[in-house]
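Worksheet: the structure to be examined is printed underneath.
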Amino acid sequence: MTRLVPQYRRLPATAIAFLSDNLLATANGSTIDIYDVRLKTSVGSCNVFDSVRIHGIVARLCDADSRSVEFLVFGSKQWTVIRIHLDSARVEPGTVFYVDDWIKAGHWVQDDKQAWQVALALAHNQ
């Protein structure tokens, strides 16, 4: 378990996702930064991959009170799901998975039992 640490960056964002009306997640290299856009402050930052640039963030709220967010994060041929508890800034890193082709897009989908799953679109659709 790690904690989000507030930081400010001036790097090109490679992916962004709004978590709520006031929380914005940005990817800079292999790091996700979370900002409160109303307060104009950094909520925290966490490293996701060792040496892969993040190209996509897809967020989903985990519960009705919106205090926990799961991120589908992908870049290059790697992807993972991380959970961030917004009230405590606690980060639950997930297992990093590898695929044989470049990941072009990722989405959250629900199966027949309403369980959340990850769907990935690969460069050569194999």
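Since only Gln117, Ile84, Gly29 are under comparison, the one whose Cα sits farthest along the positive direction of the charge dipole of the chain, derived from C-beta charges on Lys, Arg, Asp and Glu, is Gly29. Counting only lysines at least 8 places from Lys104 when in the same chain, those with an alpha carbon closer than 18 Å to its own are Lys77. The heavy atoms of Val43 offer some 50 square angstrom of accessible surface to a 1.4 angstrom probe. The value for the chain of Rg(Cα) / (2.2 N^0.38 Å) is 1.03. Measuring nothing but protein heavy atoms, the accessible surface of the chain at 1.4 Å probe radius is 50 percent carbon and sulfur. Per residue, how large is the accessible surface of the stretch 15-94? Use a 1.4 angstrom probe and give square angstrom. Accessible area per residue: 44 Å².
Taking the Cα centre of the chain as origin and assigning +1 to Lys and Arg Cβ atoms and -1 to Asp and Glu Cβ atoms, the resulting dipole is close to 440 debye. As a calculated quantity, the FRET efficiency between His107 and Phe18 at R0 = 22 Å, using C-beta atoms, amounts to about 0.90.
The values are calculated or read from the model by the stated rules, or taken from the named source; none is laboratory data. These numbers were taken from a predicted model, which means no experiment stands behind them. Note: ideal-geometry Cβ built from the backbone for every residue, glycine included; neighbour counts use all protein chains shown. Note: accessible area is taken over every heavy atom of the protein model, side chains too, but ligands, DNA and RNA are not part of it. Shrake-Rupley method; radii C 1.70, N 1.55, O 1.52, S 1.80 Å.
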